[in-house]
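As structure tokens, the structure follows; a few thoughts come after it.
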Amino acid sequence: MTNTKHTLVALVEDKPGVLNRIASLFRRRSFNIQSLAVGGSEHPGLSRMTTVVVGDSAQVEQVRKQLEKLINVVKVSDITEEDMVARELALIKVKATASTRSEIMQIVDIFRANIVDVAPGSLTVEVTGDEDKLDSLLGLLRDFGIKEVSRTGRIALTRGSSS
Amino acid sequence: MKKTGAQILCESLVKEGVEVIFGILGGAVLPIYDTFPQYPQLRHILVRHEQGAAHAADGYARVTHKAGVCIATSGPGATNLVTGIANAYMDSAPLVAITGQVATPVIGKDAFQETDITGITIPIVKHNYLVTDVAELAKTVKEAFHIAQTGRPGPVLIDIPRDVQQAQKDFVYPDKLDLPGYRVVSRGHPAQIKKAAKLINEAEQPVIIAGRGIIISQAYDGFKEFAEKAQIPVAHTLLGLSSFPGNHILDLGMMGMHGTPCANMAVQNADLLIAIGMRFDDRATGNTKEFAPHARVIHIDIDPAEIGKNIPTEVPVVGDIKNVLTALNEQIERKEHVAWLSQIEQWRYGHPSLEIRQSDELLPQYIIQQIYEATQGDALVVTGVGQNQMWAARYFVYTKPNSLISAGGLGPMGFELPAAMGVKVGCPEEVVWCVAGDGGFQMTIQELATLTQENIAVKIAIINNGYLGMVRQWQELFYGRRYVDTKLWNPDFVKIAEAYDIPGLRVTRREEVIPAIQKAMEYPGAFLIDFLIEPEENIYPIVPPGESLARFFEPSKPEVLEGKL
């Protein structure tokens, strides 16, 4: 079986230590996670967690079932095969001089990204999209010199009205 | 009327039907202990080490089918429970471990005897709690018992800071649970059961692998009906022994590393495996790539995460085994499997390693066999870990349901004495034999004091070879007989027992075995026999680690082998 990226979306109780339990499970079972993002959901007291796991489908199914065994985890779905919207946010601080600033701004425009901070030697860019888009923008900006990058990891929902 | 946290804890334990608590006190649980005299229905058994408390509660839980309770103070008291909690987790035993914690204002300040026991135990508990508000305490205890005892059982730890034990609150025991993330599938899916029945009805060489889940579900009758109706031979995991009568014609004994040749050969040649309440542990399967190469697999278990974890499964059935077997029994056909069963009978005999040598040496196999003869199987056998455990598994015939209590998954030496203590407290009418190794016995030997203080009549058989025997066997077979640090200087165990006010006997010769066992059985209290056995006796057959189950190794010394088991 081949290793691919899987997107798991989980509803978890918003209680102290829950993230620790999840992280501990990944470490203990040697599951390979690429990103993990967690924040509020539409249910009071529950958070929605999106995690990208690399593995073959049997391994990822094991991850899903082990996660579901945690008492504070209410539901876990592997939505990889479903029609979904997946987004990631990145903040990129890039070196900018008087001569490169306008070129950077053009690139930022093409990617429909925003400049959120301007300083004498740098620009900070905010960009949202899927990982490929973020990677491409980063690739183009690398030539100017990247000072700092912060990425959120993927968050995802299935398309359509079902929940 | 307001009650203290300590009283709320005790009230909640009473509501849960708790009768016995194993523990040791310390600063952070003093408010709880100070409350115990108000609750005489809670019997507290003072152990000598917290590991003993956890193993005792585990043993108690396995034979009573309700949660065992242990209690320890913060810091070292809590960390000493860890081995026992890990063991209960690996073997799916319901355990509620209560620990004291430093007061909430000093948590995180590295206070005296502060340890993050909830953090430490995350990977080895079904769930755990740090209770920081007395208003949450009753609800937490209710949840803890529910989680520990339902579904696939396991340990739950409740950490209670000292100030929460002293804080006051009205006691209201909740009648409802709020656990949105906890679901137990009790009934198997009808479509899956139908698929399973079809495979069973079509199989020509089926084998059942019986695990401890059958015992946990108390599905003995339905399981026997299942095996008999379809005439399917039964191989056991170590912890599956005593789920099916060991003297039954369909019983193959234990499979795996030290399994019987007929169990291993049957599994390797099966066209269908029906795995029930077991988890394909490596000691049972040998090399998984070469495991049962011709078999389709049905796996019945209450834990969905066990399905496909180690072995690919064609038909999973998730549910309580008792319910699943009841449904399956209606759909399976009566079969005979004459050719298959006669093939298995051929594997059953002609293996020198199964037979007990006629010899002047004191052999462990003979001792276990004589304990069986003396009790006629009407006893609960609690073992240590290592050779003593394997001899007890192989040479006692488990005819009584749930009569082998052993630490299978974690394998903690020292389990035997405290666990036997808990078993005897849980089943005071039963004869309880503790089969110990001389190495493991010294890891929890201090519980002899608990036996005497609490008048717990456990019969102890030390299988004493003066070695860490299983490790020595591996050194002999796999490390060129280099016995590095496995030879033990041992104390005089009979004198030690005497010092604890427990009578004992030393046995060095074969003819002393039966009288010594008789004497132990006749004595009303705890009794210890130190059997000085042939030091380099091995347990055979052995499947070398990483090998296929079909490649079991047994010594070929037929000239010294006479008589059959």
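The values are calculated or read from the model by the stated rules, or taken from the named source; none is laboratory data. Given the structure is predicted, the values throughout are model-derived calculations rather than measurements. We place every Cβ from the backbone using ideal geometry, glycine too, and count neighbours over all the protein chains shown. SASA here: full protein model, heavy atoms, side chains in, ligands and nucleic acids out. Shrake-Rupley method; radii C 1.70, N 1.55, O 1.52, S 1.80 Å.
Numbers for the structure displayed
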item: Cα-based equivalent ellipsoid, chain A: semi-axes from gyration tensor eigenvalues, Å; result: 35, 16, 15
item: Protein accessible area in segment A:9-58, 1.4 Å probe - carbon and sulfur %; result: 52
item: Helix-only CD estimate at 222 nm, as mean residue ellipticity for chain B, using -39500 (n - 2.57) per DSSP H run (n ≥ 4); result: -10000 deg cm²/dmol
item: Shape of the protein assembly as shown, Cα gyration tensor, a/c cut at 1.5; result: prolate
item: Per-residue HN-Hα couplings for segment A:103-117 [Karplus 6.51, -1.76, 1.60; θ = phi - 60°; Hz; x = Gly/Pro]; result: 5, 4, 5, 5, 4, 4, 4, 4, 8, 6, 9, 10, 8, 10, 8
item: Share, in percent, of DSSP beta bridges within chain B that are antiparallel, nearest 5; result: 5
item: In order through segment A:3-18: 3J(HN,Hα) via Karplus (6.51 cos²θ - 1.76 cosθ + 1.60), integer Hz, x for Gly, Pro; result: 7, 9, 7, 10, 9, 9, 10, 10, 9, 10, 5, 8, 10, x, x, 5
item: Whole-percent carbon and sulfur share, accessible surface of segment B:1-68, 1.4 Å; result: 53
item: Where labels lie 7 Å past Cα in the beta-carbon direction, separation of B:GLU336 and B:GLU476 in nm; result: 4.5
item: Dipole in debye (nearest 20) - segment B:17-93, about Cα centre, beta carbon charges: Lys, Arg +1; Asp, Glu -1; result: 100
item: Accessible area per residue in Å² at 1.4 Å probe, computed on the protein assembly as shown; result: 42
item: Per-pair calculated FRET efficiency, R0 = 41 Å: B:ASP116 and B:GLU534 via Cβ, rounded to 0.05; result: 0.30
item: Among the listed pairs B:LYS3/B:LYS139; A:LYS65/B:LYS139; B:LYS229/B:LYS335; B:LYS424/B:LYS459; B:LYS15/B:LYS322; B:LYS459/B:LYS495, those beyond 18 Å (Cα-Cα); result: A:LYS65/B:LYS139; B:LYS15/B:LYS322
item: Fraction of accessible area attributable to carbon and sulfur, segment B:362-536 (%, probe 1.4 Å); result: 52
item: Dimensions (Å) - chain B, Cα atoms, principal axes, largest first; result: 73, 62, 42
item: Shape category assigned to segment B:2-170 from the gyration tensor of Cα positions, a/c cut at 1.5; result: rounded
item: 11 Å beta-carbon shell around B:ALA270, net charge (K/R +1, D/E -1); result: -1
item: For segment B:500-517, 3J(HN,Hα) per residue [Karplus equation, 6.51 cos²θ - 1.76 cosθ + 1.60, θ = phi - 60°, Hz, x = Gly/Pro]; result: 8, 6, 10, x, x, 9, 9, 10, 10, 10, 3, 6, 8, 5, 5, x, 5, 5
item: Amide H within-cut-off set for A:LYS147, under 5 Å, with H built and near neighbours excluded; result: A:LYS93, A:VAL94, A:LYS95
item: Qualifying GluC sites (Glu not before Pro) for segment B:299-351 [loop in DSSP, other Cβ within 10 Å: at most 10]; result: B:GLU333, B:GLU336
item: The protein assembly as shown - share of DSSP beta bridges that are antiparallel (%, nearest 5); result: 45
item: Interface area, B with A, accessible, probe 1.4 Å, both sides summed, Å² nearest 100; result: 1500
item: Inter-site label distance for A:HIS43 and B:VAL185 at 7 Å from Cα along Cβ, in nm; result: 1.9
item: Lysines with Cα under 26 Å of A:LYS95, excluding same-chain neighbours fewer than 8 positions away; result: A:LYS133, A:LYS147
item: FRET efficiency for B:THR452 and B:LYS519, using Cβ-Cβ distance with R0 set to 25 Å, rounded to 0.05; result: 0.85
item: Extreme residue, positive dipole direction of the protein assembly as shown, given options B:ILE232, B:ALA67, B:VAL385 (C-beta unit charges); result: B:ALA67
item: DSSP bridge pairs, segment B:380-502: antiparallel proportion in percent, nearest 5; result: 10
item: Coil-residue trypsin sites (Lys or Arg not before Pro) of segment B:418-482, DSSP, other Cβ within 10 Å capped at 14; result: B:ARG481, B:ARG482
item: Theoretical FRET efficiency, 1/(1+(r/R0)^6), r = Cβ-Cβ of A:THR128 and A:ARG28, R0 25 Å, to 0.05; result: 0.15
item: Residues with amide H under 5 Å from that of B:ILE405, placed H, sequence gap 5 or more; result: B:VAL381, B:VAL382, B:THR383
item: Amide H contacts under 5 Å for A:LYS15, placed H, 5+ residues apart; result: none
item: Subset of A:LYS69/B:LYS109; A:LYS69/B:LYS194; B:LYS289/B:LYS309 violating a 24 Å alpha-carbon distance limit; result: A:LYS69/B:LYS109; A:LYS69/B:LYS194
item: Residues in segment B:287-331 occluded by at least 40 Å² - accessible area, probe radius 1.4 Å, against chain by itself; result: B:ALA305, B:LYS309
item: Near-label residues of segment B:304-340 by backbone N, under 19 Å of a point 7 Å along Cα→Cβ of A:SER57; result: B:305-317
item: Helix-only CD estimate at 222 nm, as mean residue ellipticity for chain A, using -39500 (n - 2.57) per DSSP H run (n ≥ 4); result: -8500 deg cm²/dmol
item: All aspartates and glutamates inside 13 Å of B:LYS224 as judged from Cα atoms, apart from same-chain residues fewer than 8 positions distant; result: B:ASP251
